[in-house]
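Everything on this sheet refers to the single structure shown next.
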Amino acid sequence: MDKSWMHSDRRSKAYEFGVEAFLNFAVENLLTTTHIRCPCVKCVNLKVFGVGIIRDHVYFNGIDQSYKNWPFHGEPWEASTNASRNVEEDDGHSRYSFVSEEIDMDDNDFGDFGSDPYEFANVIGDGDQPVYPGCRKYTKLSALVKLYNLKAKHGMSDVCFTELLILQGDLLPEGNTIPTSMYEAKKTLCALGLSYEKMHACPNDCILYRKEYEDSTNCPTCGISRWKQGKDSILKEGVPAKVVWYFPPIPRFKRMFQSHETAKSLTWHAARKSIDGQMSHPADSPSWKLLDDKWPEFGNEPRNLRLALSSDGFNPHSSLSSRYSCWPVILVTYNLPPWLCMKRKFMMLTLLISGPKQPGNDIDVYLEPLIDDLKSLWVGIRGVYDAHNGEYFTLRAALMWTINDFPACGNLSGCVVKGYKACPICGDDTPSHRLKNGHKICYIGHRKWLPINHPYRRQRAAFNGKPEYGIPPEPLTGEEVLHMVENGDRVCWKKKSIFFDLEYWKYLPVRHALDVMHIEKNVCDSIIGTLLEIPGKNKDGIAARLDLLNMGVKTDLQP
């Protein structure tokens, strides 16, 4: 069938006739007019619509020109004789993208293929095999992924899933390729999943049972057993008391470069030109430029990765269980364009810390395996295949900063974030004041960061009853912070952060950044709650009025 119309102008008659021929072809083969995959550049065969909607999409969005063979619309699957065609697609849209959508992965997540980039073709060979002879809608791989997605979504047990597979095999025609057990299904899907390590941990967050403690049965710090204690106070040997899940990032970075389009996007920052002098990407930041200047061998290779780390705790059971905390640790890759680096499929989960209590300041214990991998990435990982340039290179990476809310920032950086010395910039000179009636500590020296001639500096009644003539303090450098925590000067520091084990960390001008979303939300909640007098959110209470009276500010508001 002639497909040259796919490259024609969408306003031309050739394109119009081609679209109608394509739709007629799809209807004749699929025998339906309401459930057809849409091949436009936005849907890329992931969504199903009727003929009329597909016609509109193809006219307004254009057809995906990488969709050269039409297996979803009635054409036979092409034989997978060209391995390189399976490794990379012309425009980055894999014909197995519907599989990625089902299990929330991108085309970089198909297992660790070692040093041979063409191993990809063998891993997804089941994607070319129809689920039964003559089936054009599903392959063995896509059918199995959909079934496994239902298992995970609805909490199906392994025994139930095995029986479902047996029933599916009996219902389908003879010669079907549906596996007959959970074990066979896992063998097929293992290449799609990401490898991970389950590490045993001390319930008191003292150590991870790895390296020299791998065979220990008791914590060398607190002496508590490694094994879980049952309700009858009997230890269950072999059942760990606490487990942390670690997802190594190095194999996943390798996969990113095995995709032609993703490998090209990872050097986007080197090709862009900032001409307006504004910061529009982390490549414009002082931290990025410092890495380029201080380690030119690192900066001269645009494929070297710049990373950020983010972590926060949440209760996965909502209000059903208040005694459970889950802390994911996520890596973000800044080499990508701004419209990609914050996409979910490029935000890399590396650690999952769960338990009845938060790790708090002991989170460094759980970060040890990740820091070890970051050290290896700084030295360099040899033999990484770049599908865009068709060559092998040595991959290096650097962690630029962490992004957290203020309490989590204190846990990661080791800085005090509560009490009278809670400002990481002011340190010992933090201007704090404890409210007599509100029983909270307030920080009232924020006007010193305003320009020296700003009118707010001279206003008394609107603030704390005093003018402000102070100058803002200079933030401590990483080397100064490291010197303070190593020499015991820890008035404002609780610990030496594990990030200082990274060779370059102490030289970075910005090591920890605050998440703007949390700050904006909390400030907005307080303002809106006070203006609208929302119960539980209103800050204008009797205690606040009495504290204003004690401070001699806005005495006309006394209760």
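The values are calculated or read from the model by the stated rules, or taken from the named source; none is laboratory data. Bear in mind the structure is a predicted one, so any value in this text is a computation, not a measurement. With ideal geometry, Cβ positions are generated from the backbone for all residues, glycine too; neighbour counts draw on all protein chains shown. Side chains are part of the model used for accessible areas, which takes the heavy atoms of the whole protein and leaves out ligands, DNA and RNA. Shrake-Rupley method; radii C 1.70, N 1.55, O 1.52, S 1.80 Å.
Annotations for the structure displayed:
- Which labelled figure in [x] 1.20; [y] 0.94; [z] 1.01 is Cα Rg over 2.2 N^0.38 Å, once derived from the coordinates: [x]
- Positive-end residue, the chain charge dipole about Cα centroid, Cβ charges, pick of S287, Q129, H154: S287
- Neighbour-limited loop hits for trypsin sites (Lys or Arg not before Pro), segment 159-231 (at most 10 other Cβ within 10 Å; DSSP other than H, G, I, E, B): K231
- Neighbourhood charge, 14 Å Cβ-Cβ cut-off, centred on L557 and excluding it, Lys, Arg +1 and Asp, Glu -1: 0
- Each Lys and Arg Cβ is given +1 and each Asp and Glu Cβ -1; about its Cα centre, the chain then shows a dipole of about 2140 debye.
- Centre separation in Å (Cα based) which lies between segment 1-28 and segment 293-318: 45 Å
- Ordering of 351-359, 465-473 by packing [mean C-beta count within 10 Å, highest first]: 351-359, 465-473
- Placing one equal scatterer on every Cα of segment 404-559 and applying the Debye formula, the log10 ratio I(q)/I(0) at q = 0.09, 0.17, 0.19 Å⁻¹ is -0.39, -1.18, -1.32.
- Alpha-carbon centroids, segment 254-291 and segment 430-485: separation in whole Å: 37 Å
- At 1.306 mPa s and 10 °C, Stokes D of segment 254-318 from Kirkwood alpha-carbon radius, µm² per second: 111 µm²/s
- Trypsin sites (Lys or Arg not before Pro) within segment 451-543: DSSP coil, no more than 16 neighbouring Cβ in 10 Å: R460, R490, K494, K495, K496, K537, K539
- Cα gyration tensor category, rounded, prolate or oblate, for segment 168-276 with a/c compared to 1.5: oblate
- One chain, two ends: E520 and K357. Fully extended at 0.36 nm per residue, the span grows by 56.0 nm beyond their Cα-Cα distance.
- With protein chains left intact and a 1.4 Å probe, residues in segment 415-559 average 65 Å² of accessible area per residue.
- Element breakdown for segment 409-549 at a 1.4 angstrom probe: carbon and sulfur atoms account for 59% of the accessible area.
- Full extension of the chain segment joining L482 with Y392 gains 28.7 nm, where the gain is 0.36 nm per residue of separation less the Cα-Cα distance.
- In the chain, Cα pairs under 8 Å separated by at least six residues give a relative contact order of 9 percent.
- Within the chain, percent of DSSP bridges classed antiparallel, to nearest 5: 80 percent
- Cα-Cα over 30 Å, subset of K440/K494; K236/K375; K345/K521; K3/K345: K236/K375; K3/K345
- Residue among N453, M199, Q258 farthest towards the positive dipole end of the chain, charges placed on Cβ: N453
- Model label points for D284 and R272, set 7 angstrom from Cα along the Cα-to-Cβ axis, are 0.9 nm apart.
- Here each label is just a point 7 Å from Cα along the line to Cβ, and for E20 and D429 those points are 7.9 nm apart.
- Dipole of the chain, positive end: most advanced residue of F298, N389, P240 [Cβ charges, Cα centre]: P240
- Compared with the direct C-alpha span, the chain from K198 to E533 gains 115.7 nm at full extension, assuming 0.36 nm per residue.
- In a simple Cβ point-charge model (Lys, Arg +1; Asp, Glu -1; nothing else charged), segment 292-445 has a dipole of about 720 debye relative to its Cα centre.
- Whole-number percent relative contact order across segment 421-559, with pairs defined as alpha carbons under 8 Å at least 6 apart: 21 percent
- Placing +1 on each Lys and Arg Cβ and -1 on each Asp and Glu Cβ, with no other charges, gives segment 184-338 a dipole about its Cα centre of roughly 380 debye.
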